[in-house]
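Values in this text are rule-based calculations from the coordinates and carry no lab data. The shown structure was predicted, so the numbers you read here are calculated from the model rather than taken from an experiment. Here the Cβ positions follow ideal geometry from the backbone for every residue, glycine too, while neighbour counts run over all protein chains shown.
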Ligand SMILES: [Zn+2]
């Protein structure tokens, strides 16, 4: 009876590949085997220094930057990030993180990392979306590495100045790129892996780093699902 119900359910709500729409096998999640092979990987974990790290040189003191896929207009990465952020498919973030974590494991790329910190989402956005996509990516990394997630220490900064007194541009900047930490000692001596969905200009990462750098004796690495060179 149960089997019948499942088949019946699948008939009307089939599990299809996010990218090619072909139906998935039971062991596949979100992406079929064929599409998984074709993902536009950066293979940054195979080289000593990568363009994402170079883009942050002279700005912040980062150990390593791990980016899974190249992001380009209308490519499969953009399609998946859109689904992850705007279509409620938070589990897709976890699934992609699983694939990435397995590949990073092969090159021992996350060796030395102590703690995972997802980039916090603006409270307004969090309320609207219902979840922080970076937290779901972190969950995927956690499930493969057993590293703990800290999603309480790094926070979106409160603006002490009255919002109405600021001009529109500084309001925009402060709402978008200000972070702080609420405990200076908690992260002391730790190697933090800061997690976000996409690395573009690096402005968000830089702002997070500047908040984290208030702690003594920390190392920071970055992990994102996507890398956009523009
Ligand atoms: Zn597919």
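Just to verify a number: FRET efficiency for residue 145 and residue 16, C-beta to C-beta distance, R0 = 35 Å, to 0.05? After rounding to 0.05, the efficiency reads 0.75. Take the Cα of residue 87, step 7 Å toward its Cβ, do the same at residue 103, and the gap between the two points is 2.1 nm. Given their separation in residues at 0.36 nm each and the Cα-Cα distance between them, residue 54 and residue 79 gain 6.4 nm when the chain is fully extended.
What is the stretch 62-117 by shape, rounded, prolate or oblate, if you read a ≥ b ≥ c off the alpha carbon gyration tensor as root eigenvalues and call it rounded for a/c under 1.5, prolate for a/b larger than b/c, and oblate otherwise? Prolate, since a/c reaches 1.5 and a/b exceeds b/c.
Based on other C-beta atoms within 10 Å, arrange 85, 188 from fewest to most.
188, 85
Considering all different alpha carbon pairs of the chain, the Kirkwood hydrodynamic radius works out to 18.9 Å.
Between residue 36 and residue 125, residue separation times 0.36 nm minus the direct Cα-Cα distance comes to 29.1 nm.
Simple spin-label estimate for residue 155 and residue 214 gives 1.0 nm between the two label positions (7 Å along the Cα-to-Cβ direction from each Cα). Full extension of the chain segment joining residue 230 with residue 43 gains 65.5 nm, where the gain is 0.36 nm per residue of separation less the Cα-Cα distance.
For 178, 1, the sequence from fewest to most other C-beta atoms within 10 Å is 1, 178.
So how tilted is helix 76-86 from the main axis of the chain? Cα-based, degrees 0 to 90, rounded to 10. The angle comes out at about 70 degrees. Reported to the nearest whole Å, the Cα centre-to-centre distance from the stretch 85-104 to the stretch 176-230 is 20. Between the Cα long axis of helix 2-12 and the first principal axis of the chain there is an angle of about 70°, rounded to the nearest 10. Calculated mean residue ellipticity at 222 nm for the chain: -11500 deg cm²/dmol, from DSSP H runs with n ≥ 4 weighted as -39500 (n - 2.57), summed, divided by the residue count and rounded to 500. What FRET efficiency comes out for the pair residue 27/residue 72, r = Cβ-Cβ distance, R0 = 35 Å, nearest 0.05? Rounded to the nearest 0.05, the efficiency is 0.75. How many nm separate the modelled label positions at residue 114 and residue 180, each set 7 Å beyond the Cα in the direction of the Cβ? Distance between label points: 2.4 nm. With contacts taken as Cα pairs under 8 Å at a separation of at least 6 residues, the chain carries a relative contact order of 22 percent.
In plain terms, the residue of 100, 70, 127 with the fewest other Cβ atoms within 10 Å comes first and the most crowded comes last, giving 127, 70, 100.
Against the chain, whose longest principal axis comes from its Cα atoms, helix 133-145 is set at around 70 degrees.
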